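> Have a look at this one before I ask anything.
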Amino acid sequence: MYFCPSCNIELIKNTNPFGIYWSCPICTGKAISLSVIRQAIPEPIVGDFWRKVTSEVHPQKKACPACKKLMSEAPIAIDNEVLEYLDICRTCFFVWFDSDELEALPHVEIPEEVIETLPYEVRLAIAEYNIERIATLREKEIEAEQVKKEIAIDILVVSVVLFVLFK
Ligand SMILES: [Zn+2]
Ligand SMILES: [Zn+2]
């Protein structure tokens, strides 16, 4: 049984093409094991994150959903550009995403030629995500053109994979 570090209620088990993860029914935070994240995110990025976790001192703010020890808050980055600071338990290898951490990642169109190289499950999830996103954009009357397009493709793929598959 795992508990939300913010709400302290039991997390709900979910699955996606990469494996099992747990989410909070109240705050929508998510606990995802590092091994599942390794399936979704390219190894150099996860490897760099884990090196930072183990070799540097990081703030410790939240309790691990499994063992309740304090997690380390470490940056996940691509080419030194920090995507997010994520909480990770060095004992259980659980990574915690606050409700807004996935949503805060850049939402940018992925070029067709990049999408074609992704696994079927990811392409399907992106297609579903795009349909939902277009509806949301219309609701909020946000111009899609405002979206920044200069961000590196690597960041896009990683962000969308995280956002789409662990929602
Ligand atoms: Zn919660
Ligand atoms: Zn733990």
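> What nm distance separates the two modelled labels at Glu73 and Ala127, each placed 7 Å from Cα along Cα→Cβ?
With each label placed 7 Å out from Cα toward Cβ, I get 4.0 nm.
> Quick one: net charge around Cys92, please, counting Lys, Arg +1 and Asp, Glu -1 for every other residue with C-beta under 11 Å from its C-beta. Before the final figure, lay out each step's value.
Working: positive: Lys68, Lys69, Arg90; negative: none.
Combined, the nearby Lys, Arg, Asp and Glu give +3.
> What shape does segment 7-55 have by the C-alpha gyration tensor, where a ≥ b ≥ c are the square roots of the eigenvalues, rounded means a/c under 1.5, and otherwise prolate means a/b greater than b/c and oblate the rest? Numbers along the way, then the final one.
Values: a/c = 3.47, a/b = 1.67, b/c = 2.07.
Because a/c hits 1.5 or more and a/b fails to exceed b/c, segment 7-55 counts as oblate.
> Subtracting the Cα-Cα distance from 0.36 nm times the residue separation, let me have the gained length for Asn80 to Cys27 in nm, one decimal.
Values: separation 53, 0.36 × 53 = 19.08 nm, distance 2.96 nm.
Full-extension gain reported as 16.1 nm.
> Read phi for every residue in segment 74-79 and hand back ³J(HN,Hα) as whole Hz from Karplus 6.51 cos²θ - 1.76 cosθ + 1.60, θ = phi - 60°, with x for Gly and Pro.
Once θ is set to phi - 60°, the couplings for segment 74-79 become 10, x, 9, 9, 10, 6 Hz.
> Using only Cα atoms, what is the ratio of the radius of gyration of segment 12-102 to 2.2 N^0.38 Å? Don't jump to the answer; show the numbers that get you there.
Details: Rg = 12.4 Å, N = 91, 2.2 N^0.38 = 12.2 Å.
My calculation over the Cα atoms of segment 12-102 gives 1.02.
Taken together, the values in this text are just the output of simple stated rules run on the coordinates, not laboratory data. Owing to the predicted nature of the structure, the values given are computational and were not obtained by experimental measurement. No Cβ is skipped: glycine too gets one built from the backbone with ideal geometry, and neighbour counts run over all protein chains shown.
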